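Enquirer: Next up is a structure, given as structure tokens.
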Amino acid sequence: AVNPKRGELFSLVVPHSDHLVFQTFLDELAKHTSRHEPDKRIILILDNASWHKHSSLKWHHITPCYLPAYSPDYNPIEAIWRVLKDRFFNGWIAKTPAELIERLCAALRSLIADEISTISSVAHLLH
């Protein structure tokens, strides 16, 4: 999750995605955002992955906003994934799952607030 105004990134690195993992993400995002702005509602832009729409999800103070099907260009987070892929994973192959996780965590940490804000804002302006 990205807050382009503040240049903040919130992420979990997990080995797979399903509705239970996504619920953990929502729970942790809700805790994180409640600490900073307890009464503020969050709008989370999402694709149409089945785990984003599972009926058992508890959204807390987060409002889902689903993109039209097959429209990754409308999602600002996709610009961040492209930058991560280009800078850190182009021509690189992990030898182990642990090596992949380590590289991903390092890549996420390297995105400073200005870069996240700039990438997200530029992607938003382009669409």
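The values are calculated or read from the model by the stated rules, or taken from the named source; none is laboratory data. Since we're looking at a predicted model, the values are computed, not measured. Glycine gets a Cβ as well: all are built from the backbone with ideal geometry, and neighbour counts include every protein chain shown. When the accessible area is computed, the model is the full protein with side chains, heavy atoms only, and any ligands, DNA or RNA have been set aside. Shrake-Rupley method; radii C 1.70, N 1.55, O 1.52, S 1.80 Å.
Enquirer: Using a 1.4 angstrom probe and counting only protein chains, how large is the accessible area of residue 25 in Å², to 10?
Expert: 30 Å²
Enquirer: Which links in 31/95; 5/53; 58/95; 53/95 stretch past 30 Å when you go from one Cα to the other?
Expert: The answer is 31/95; 58/95; 53/95.
Enquirer: Would you compute, from DSSP H runs of 4+ residues alone, the mean residue ellipticity of the chain at 222 nm, taking -39500 (n - 2.57) per run and dividing by the full residue count, rounded to the nearest 500?
Expert: Only helices count here, giving -14000 deg cm²/dmol.
Enquirer: With r defined as the distance between the Cβ atoms of residue 36 and residue 86 and R0 fixed at 41 Å, what FRET efficiency is calculated, to the nearest 0.05?
Expert: Efficiency for this residue pair is about 0.85.
Enquirer: Next question. Quick one: net charge around residue 42, please, counting Lys, Arg +1 and Asp, Glu -1 for every other residue with C-beta under 15 Å from its C-beta.
Expert: For residues surrounding residue 42, the net value is +2.
Enquirer: Would the stretch 19-65 count as rounded, prolate or oblate if I go by the C-alpha gyration tensor, calling it rounded below 1.5 in a/c and otherwise prolate when a/b exceeds b/c, oblate otherwise?
Expert: It comes out prolate by the Cα gyration axes.
Enquirer: Whose amide H sits under 5 Å from the amide H of residue 44, counting only residues 5 or more places off or on another chain, with H placed in the peptide plane?
Expert: Amide H neighbours of residue 44, under 5 Å, 5+ apart: 63, 65.
Enquirer: Would you rank 19, 36 by solvent-accessible area, highest first, keeping every protein chain in place and using a 1.4 Å probe?
Expert: I get 36, 19, largest accessible area first.
Enquirer: Percent relative contact order of the chain, based on C-alpha pairs within less than 8 angstrom and at least six residues apart?
Expert: 34 percent
Enquirer: Quick one: if you stick a label point 7 Å off each Cα along the C-beta vector at residue 11 and residue 74, how many nm between them?
Expert: If labels sit at residue 11 and residue 74, their model points lie 2.4 nm apart.
Enquirer: Still on this structure, please answer the following. When volume of the Cα convex hull per residue in Å³ is calculated directly from the model, which label among [x] 107; [y] 122; [z] 87 fits?
Expert: Entry [y].
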